[in-house]
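For reference, the structure is listed below as structure tokens.
The values are calculated or read from the model by the stated rules, or taken from the named source; none is laboratory data. The structure presented is a predicted model; accordingly, all values stated were derived computationally and were not measured. With ideal geometry, Cβ positions are generated from the backbone for all residues, glycine too; neighbour counts draw on all protein chains shown.
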Amino acid sequence: MANTGVDRTKQYLKALKKDGTFVAAGDQGSKSVDIVGLNPGTKVADGDYQVAYDQDNANKLSANASDPADVPGFLVLGLPGAPTLTVTAGDGKVTGTYTDPTDDGAPSSGFSNITKRHVLYKTSAGKESWTTQDIDAAGNFEVDKLTNGTAYQFKATAENAVGVSPESPVVNATPFVAVTSVTIDQPTLSVGVGKTAKLTATIAPANATDNGIAWSTADQTIATVGTDGTVTGVKAGTVDVTAASHADGKITAISHVTVTA
């Protein structure tokens with residue numbers, strides 16, 4: 001076989017196994033050849049394959065082929081699987097957790113083959129294109145500059161040297177301004193039997209997305225309370241009237257009410 005004095009620019013690059021078995025031939029003048037049929041995760045050592053230039057694409061080397069050269073070792077990759085995504089709504093933003101796919105294209109390789117990670121989002125009702133935000137690593141991420149009260153959809157993909165994974169399932173979140181506290185204007189109140197008195201509850205912050213109040217009384221046989229905070233005395237006694245945030249029922253304020261005869 002000859003290595004010098006031959007114009008190889010219009011020849012075929014052939015791949016062979018190290019024992020000389022023909023594997024494949026590339027296109028004329030392409031200077032490349034595809035080795036196919038290897039399973040993802042396969043580790044190929046230096047010299048397991050060789051390549052040589054030849055004058056034809058026959059399934060063997062001719063007498064005019066170049067001397068075979070060893071192919072450096074490589075890892076066979078497939079496309080990664082879909083990542084997973086969780087999201088939590090906040091004030092004008094959504095935070096979330098991105099988890100790499102268990103199949104990164106060659107899960108038995110012992111290291112991560114994921115090179116890029118993408119979070120995609122759009123409004124649920126809109127027809128706009130998905131916006132892509134790249135993240136540096138698996139774990140926590142944040143998408144900001146979102147509109148409070150607008151529902152958004154989120155999905156994710158992973159990428160390795162072969163290409164982009166299937167998409168994760170779509171998850172949904174609606175950014176909002178959370179309620180932080182509830183206060184009542186009269187922490188104690190006295191009202192007569194058959195009489196009424198008005199309680200007023202205030203939500204903080206003032207720009208909370210949901211500023212609704214749910215009123216309740218601990219004992220309706222002593223006093224009732226209306227949806228607007230109006231307390232009506234029923235019989236003499238003491239009872240707690242509670243104002244709870246409609247957005248978060250754990251955030252409450254209490255007025256200690258005494259009903260007098």
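Given Asp100, Asp136, which one is over 30 Å from Ala247 (Cα atoms), loosely packed, with under 15 Cβ neighbours inside 10 Å and free of Cβ contacts under 8 Å to residues at least 60 places away in the same chain? Don't jump to the end; show me each part of the working.
Values: Asp100 fails: loosely packed, with under 15 Cβ neighbours inside 10 Å.
Residue meeting the stated conditions: Asp136.
Which one of these does Val241 not meet: (1) farther than 30 Å from Pro107 by Cβ; (2) at pLDDT below 95?
Every listed condition holds for Val241 apart from (2).
Hey, among the residues in segment 201-241 that are touching a Phe, Trp or Tyr at 6+ places or on another chain (Cβ under 7 Å) and of a type in the set (S, T, N, Q), which one's surrounded by the fewest Cβ atoms within 10 Å (Cβ to Cβ)?
Result: Thr227.
Check Gln11, Gln28 and return the single one that is outside the structural domain of Asn113 (by TED's automatic domain parsing), in contact (Cβ under 8 Å) with a residue 24 or more places away in the chain, surrounded by 15 or more Cβ atoms within 10 Å (Cβ to Cβ) and in contact with a strand residue (DSSP E or B) (Cβ under 9 Å, 6 or more places away or on another chain).
Checking each option against the conditions leaves just Gln11.
If you take just the strands (runs of 3 or more DSSP E) that sit entirely in segment 204-261, which of them hold at least 2 residues that are touching a residue at least 24 places away in the same chain (Cβ under 8 Å) and farther than 17 Å from Val182 by Cβ? Full working, then the answer.
Working: elements: 213-217, 223-225, 230-233, 237-245, 252-260.
Where strands (runs of 3 or more DSSP E) fall fully within segment 204-261 and carry at least 2 residues being touching a residue at least 24 places away in the same chain (Cβ under 8 Å) and farther than 17 Å from Val182 by Cβ, they are 230-233, 252-260.
For segment 3-15, indicate whether the set of residues that are closer than 30 Å to Gln133 by Cβ and modelled with pLDDT under 95 is non-empty. Walk me through it before giving the result.
Our first condition is that a residue be closer than 30 Å to Gln133 by Cβ; within segment 3-15, this holds for none.
No: zero hits.
Quick one: in segment 58-116, of everything that is over 23 Å from the mean Cα position of the chain (by Cα) and among the acidic types (Asp, Glu), which residue is modelled with the highest pLDDT? Spell out the reasoning first.
Of all residues in segment 58-116, those over 23 Å from the mean Cα position of the chain (by Cα) come to 58-77, 108-110.
Still in the running and among the acidic types (Asp, Glu): 67, 70.
Numbers: Asp67: 94, Asp70: 97.
Filtering segment 58-116 for residues that are over 23 Å from the mean Cα position of the chain (by Cα) and among the acidic types (Asp, Glu), the one modelled with the highest pLDDT comes out as Asp70.
Suppose we keep only residues that are on the phi > 0 side of the Ramachandran plot and either out of contact with any Lys or Arg (no Cβ under 8 Å at 6 or more places or on another chain) or among the β-branched types (Val, Ile, Thr) (or both) within segment 32-62. Which one would you say is surrounded by the most Cβ atoms within 10 Å (Cβ to Cβ)? Spell out how you get there, then give the answer.
In the first step, residues of segment 32-62 are kept if they are on the phi > 0 side of the Ramachandran plot; the result is 37, 41, 47.
Narrowing further to those that are either out of contact with any Lys or Arg (no Cβ under 8 Å at 6 or more places or on another chain) or among the β-branched types (Val, Ile, Thr) (or both): 37, 41.
On the way: Gly37: 9, Gly41: 17.
Among residues in segment 32-62 that are on the phi > 0 side of the Ramachandran plot and either out of contact with any Lys or Arg (no Cβ under 8 Å at 6 or more places or on another chain) or among the β-branched types (Val, Ile, Thr) (or both), the one surrounded by the most Cβ atoms within 10 Å (Cβ to Cβ) is Gly41.
Taking the stated definitions as given, is Ser129 outside any strand (DSSP E or B), of a type outside the set (A, V, I, L, M, F, W, C) and under 25 Å from Lys10 (Cβ atoms)?
Values: outside any strand (DSSP E or B): yes; of a type outside the set (A, V, I, L, M, F, W, C): yes; under 25 Å from Lys10 (Cβ atoms): no.
No, not satisfied.
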